[in-house]
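Okay, so here's the structure we're looking at.
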Amino acid sequence: MVSAILTAATVLAPAAGAQATPRAPEKQSCTSDRAVPPPPVDTSEVPKPGQKAPEPLPVPATPVGGDRMGECGLVLPRGAAEPPAVINSASWVIQDLDTGAILAAKDPHARQRPASLIKVLLALVAVNELDPQRVITASAEDAAQECTCVGLVAGGQYTVEQLLQGTLMHSGNDTAHALATTLGGVPATLEKMNSAAARIGAMDTRAATPSGLDGPGMSSSAYDLSLIFHYAMKQPIFAKAVGTRQMQFPGWGDKPSFPLYNDNKLLTIYEGFLGGKTGFTDDARHTYLGGAERKGKRLAVVTMRGEQKPMRVSDQAGKLLDYGFELAASKPEPVGQITYREGGLQPGGNPQAGPDLGEDPAKSAAAMAEEDPFGTTGWIITVVVALIIIAGFVIGHRRKRAALLAEQTDVLPRIR
């Protein structure tokens with residue numbers, strides 16, 4: 001069982017009641033970046049009475065995604081120009097959304113807090129387990145969440161798809177909590193989220209809240225969120241939600257329905273933008289992910305621990321996408337590769353598929369090959385060959401019988 005509601009870094013947390021002080025991204029040493037996010041600025045990660053702070057997530061001996069993913073600072077192809085100076089995020093990744101090739105990065109495995117980007121992981125679990133048309137009745141607890149909120153009404157009824165749209169388009173903490181309630185409650189949902197992250201290979205990621213509000217043990221990385229987004233964009237219901245600009249969200253009781261707008265600014269101003277997600281907390285600072293298509297090439301970016309200067313983080317992400325498309329045009333050697341855990345779908349596979357979130361990660365490709373040594377294609381060939389053999393046998397048998405009858409016909413007169 002994953003211990004998902006404890007903290008990884010509390011010794012430097014200020015006393016209760018201390019004022020949260022925003023601060024610019026700070027660069028840690030490469031070694032400490034790999035273990036835990038920067039120290040918190042408020043008390044959100046202090047364990048509850050009687051609970052202990054968890055150990056940091058283990059750091060894999062080999063960097064996930066390739067050797068260069070273990071580098072610090074800028075990770076660029078040989079001879080590549082540096083990215084625009086306006087991009088101030090502490091870590092980021094640019095990936096090819098179709099092949100999973102990583103074109104460039106900065107501190108890709110540095111552990112940061114994801115803020116509301118963790119809602120992408122929640123959405124994946126919900127898409128995997130829940131019927132999109134299932135009707136959910138919102139509880140008073142769902143409706144009373146710390147906002148940002150969509151505006152659920154206690155007792156109101158909403159479909160799972162509507163809750164997903166509210167969670168992804170408007171970053172609703174109330175809709176996220178309603179999904180978590182439906183998935184078995186917050187503790188059970190956190191276990192499912194963390195299990196899903198581990199199953200697909202996001203080894204820097206631990207969810208502490210379903211919504212992304214800072215909490216004990218929250219952790220992810222630009223690489224992990226790139227992997228999670230790569231997976232998520234293969235799910236049609238997810239891709240539809242993040243790419244929707246506006247919808248009419250249902251009201252309930254005395255509250256009429258109302259228009260719900262996507263809070264991702266690039267969706268309306270960046271040509272070819274496919275959709276994405278924004279995030280912010282005092283500890284995480286500004287986080288962002290999004291993808292776009294240009295001339296048949298689909299790229300995605302993830303930025304973590306950024307600030308809204310000298311321009312909005314979404315605009316910085318647009319500059320990073322521009323840089324990525326220019327880089328892709330030169331066909332550089334990738335600096336890394338989105339890599340799912342053994343036994344999961346590898347990049348370049350079925351565009352509507354992904355690793356099975358319910359599948360045991362210990363079940364390797366070799367184990368599956370042992371269960372099905374021929375594979376799907378092999379079984380088809382085997383069946384065809386068997387049918388040919390049977391047909392040959394039947395035809396041969398009929399010819400032999402016809403010859404025998406002819407021979408018998410020839411000798412009958414003599415017997416008589």
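What is the calculated FRET efficiency for Ala329 to Thr43, with r their C-beta to C-beta distance and R₀ = 45 Å, to the nearest 0.05?
Efficiency for this residue pair is about 0.40.
What share of all Cα pairs of segment 88-161, in percent, falls into each consecutive 10 Å distance bin?
It works out to 15, 30, 28, 21, 6, in whole percents.
Search the structure for amide H atoms under 5 Å from the amide H of Ser91, placed 1.01 Å from N in the peptide plane, and list their residues when 5 or more places away or on another chain.
Met304
Once you treat every alpha carbon in segment 33-127 as an equal point and sum by Debye, what is log10 I(q)/I(0) at q = 0.10, 0.17, 0.21 Å⁻¹?
With one equal scatterer per Cα and no solvent, log10 I(q)/I(0) is -0.38, -1.00, -1.30.
Excluding Thr268 itself, what net charge comes from residues whose Cβ is under 14 Å from its Cβ, given Lys and Arg +1 and Asp and Glu -1? Numbers along the way, then the final one.
Working: positive: Arg245, Lys265, Arg312; negative: Asp263, Glu271, Asp315.
In short, 0.
State which entries of Lys48/Lys277; Lys119/Lys295; Lys52/Lys192 exceed 25 angstrom in Cα-Cα distance in the structure shown.
Values: Lys48/Lys277 30 Å; Lys119/Lys295 30 Å; Lys52/Lys192 21 Å.
Correct reply: Lys48/Lys277; Lys119/Lys295.
Quick one: which residues, 5 or more positions from Ile338 or on another chain, have an amide H under 5 Å from its amide H? H modelled 1.01 Å from N in the peptide plane, none for Pro or chain starts.
Amide H neighbours of Ile338, under 5 Å, 5+ apart: Ala101, Ile102.
Near Gly184, within a Cβ-to-Cβ distance under 13 Å, what is the net charge of the other residues, with Lys and Arg +1 and Asp and Glu -1?
With Lys, Arg at +1 and Asp, Glu at -1, the neighbours total -1.
Of all alpha-carbon pairs in segment 193-261, indicate the percentage at a distance above 14 angstrom. Let's see the in-between values first.
Values: 1643 of 2346 pairs.
Here the tail beyond 14 Å accounts for 70 percent of pairs.
Quick one: which residues, 5+ away or cross-chain, put their amide H under 5 Å from the amide H of Thr159? H built at 1.01 Å from N.
Ile136
A short reminder: the numbers here are calculations on the coordinates, not readings from a lab. In this text the structure is predicted, and so the values were computed from the model without any measurement. Counting neighbours? That spans all protein chains shown, and the Cβs are built from the backbone with ideal geometry, glycine included.
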